[in-house]
Every structure is written in structure tokens, then in C-alpha cells.
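Right, one structure below, let's go through it.
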Amino acid sequence: MPDVSQTAYPPSFVAELLDEKVAQYNQPDFIPFDPISIPHRFSVKQDIEIMGFWASVLAWGQRKTIINKCLELAALMDNAPYDFVRNHHDSDLKPFLHFKHRTFNATDTLYFLHFFQEYYKIHDSLEFAFSSHMKPGDVTIESALTGFHDFFTQSENFPARTRKHIATPARKSSCKRLNMFLRWMVRKDNNGVDFGIWNTIRPAQLVCPCDVHVDRVARVLGLIKRPVTDWQTATELTASLRLLDPHDPVKYDFALFGLGIEGFAK
């Protein structure tokens, strides 16, 4: 890991570099090679939510593999996930018994389908599952993530093994994948990458996803001081980014990730 104490980038350099890289990577060219390409295959809001959520949860390993596994999953749902989760019968679930991505297996898959089916019987959008746990004045989405985890896992049908796939700040996780999903759903701009289809959570409340590339670059640029990577680290990074843009700090996820892919400060 880079020795942050040896970095001496002036704040003006960091701000200029990150703004330049946001402009470079927050573009439609970014979409085809990223898991966000999966929800971009759909136009119905609920399809976008379902496949965006699943793509973010499965987002570990090589991006090409992640995309292929998500395409496989979408095909099992006849490429109409919202219709499938609402109307499927038990007899339709047999093909999912063979779905697997790393440690995500058929047990997890079947519970996700059960959760979506029960949830969309009552609610029109997955947004409520997160936003309903927030209070006026919340600076970040911490309570949304904690509340969603508890809500997702409360069913008597919930398999204990599936808990590891839904992170929570209560376990000190950086919640990288869920933070990425919420970025996709909440951020609003005219660049066509993030969807901005949710309105209750504000972009200013988002927390930056801390993947390995973002974490490394942020440390070299002096945006993180905390020696480990956990929820407190994610909020520390976001607080640093909020100094650059208090209304949309997580747009810099594009810049930090892009710099990491470029090999910055390796």
C-alpha cells in the first residue's frame, strides 16, 4: 500500500485532476465495459432496479465475467426481470438451481427471487426499501444501508448464508457494492451513465464505493488517512470529496476508479 505520509499533492492539483478525470470517465463510453451496462439494457424502472441491484451484488472479480454472469441471470428471467419476479411459479425456478458466481449460489439466487416477488407485491419501487429508514437531516445513507440489510434479512425464509452478500455499516463494512448501486439509482446529471431514477435520497447523501482502485488512488492523493478500509474509511473519503463538490461528491468515483485502472500511483 502506498505510504500516504510521503505524498505531497497540493489540494488544487487534486481538485483539477479529479475534475478532469470525471469529465473523461463519466461518459457513455464507460458503460459497455462496466457492470452498469446490465441495467442499461432495460428501460422499465423496476427492471433497472432489479438488474442494477443484482449486478452490483455480483460485482466482484473480472468485469467481463461479472457482465456475462448477469446476462446469464437475465436470460433465466426471460430478459424481463420485473415480470418474472412478480409472476413466476415454483416450477419456473428449476433453471436457477445451476446458477453460481463465485460464492453466490442457487440458495442465494432463490432467496433474491423470493424477496423481489414479495416486495414488488406491495411496493412500486425498490427505493422505499432504502429511503424509508432515513430521517430528515441524515448526512449520509448509513441508516438506509443498515435498515435495508435488516429488512432484507428479516424473512423467516432467509437463509443464513445469504447474509454475507448484503453488507451493512453495522458490521463495519465499507458497503462497496450497495454504495455503487445507490450511486447508479440516485445520481442525476446529463451524461447518461448513472440513472438518477430515485428522488428521495439526495446525491449529497451518497457514500463513495471503496473498491481496490478507488482506495489506492484516494490514499495516494491524501483523501484517506485511516489505515484500514471499512465504513469509517468510506465516509472519510466521502467527506474529503464533499469539500470538492458538496452536492455531488460521489461523482469522483468515476475519477478515482479511472485513475486506478490507468495505473496511477502504483
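The values are calculated or read from the model by the stated rules, or taken from the named source; none is laboratory data. Predicted, not measured: the structure shown is a model, and the values here were computed from it. So basically every Cβ, Gly included, is an ideal-geometry build from the backbone, and we count neighbours across all protein chains shown. The protein model used for the area step is the full one, side chains on, heavy atoms only, and it has no ligands, DNA or RNA in it. Shrake-Rupley method; radii C 1.70, N 1.55, O 1.52, S 1.80 Å.
Counting Lys and Arg as +1 and Asp and Glu as -1 over every other residue whose Cβ lies under 11 Å from the Cβ of Ser143, the net charge comes to -2.
Working note: Debye formula, equal point scatterers on the alpha-carbon atoms of the stretch 25-70, no solvent; log10 I(q)/I(0) at q = 0.17 Å⁻¹ is -0.43.
Taking the chain as the reference, fit the longest principal axis to its C-alpha atoms, fit the long axis of helix 11-25 to the helix C-alpha atoms, and give the angle between the two in degrees, 0 to 90, nearest 10. Approximately 40 degrees, to the nearest ten. Between the alpha-carbon centres of the stretch 13-39 and the stretch 196-243 there is a gap of 16 Å. Taking amide H atoms as placed 1.01 Å from N in the peptide plane, the amide H of Ser125 has no partner under 5 Å among residues 5 or more positions away or on other chains. Against the chain, whose longest principal axis comes from its Cα atoms, helix 63-76 is set at around 20 degrees. The residues of the chain expose on average 45 square angstrom of accessible surface per residue, using a 1.4 Å probe on protein heavy atoms. Of the peptides 151-160, 136-145, 166-175, the order by per-residue mean of other Cβ atoms within 10 Å, starting with the highest, comes out as 166-175, 136-145, 151-160. In the chain the Cα-Cα distances spread across 10 Å bins starting at 0 as 7, 30, 36, 20, 6, 1, 0 percent of all pairs.
Modelled this way, with points 7 Å down the Cα-to-C-beta line, the labels at Ser12 and Ser91 are 7.2 nm from one another. Overall, the accessible surface of the chain at a probe of 1.4 angstrom is composed of carbon and sulfur to the extent of 53 percent.
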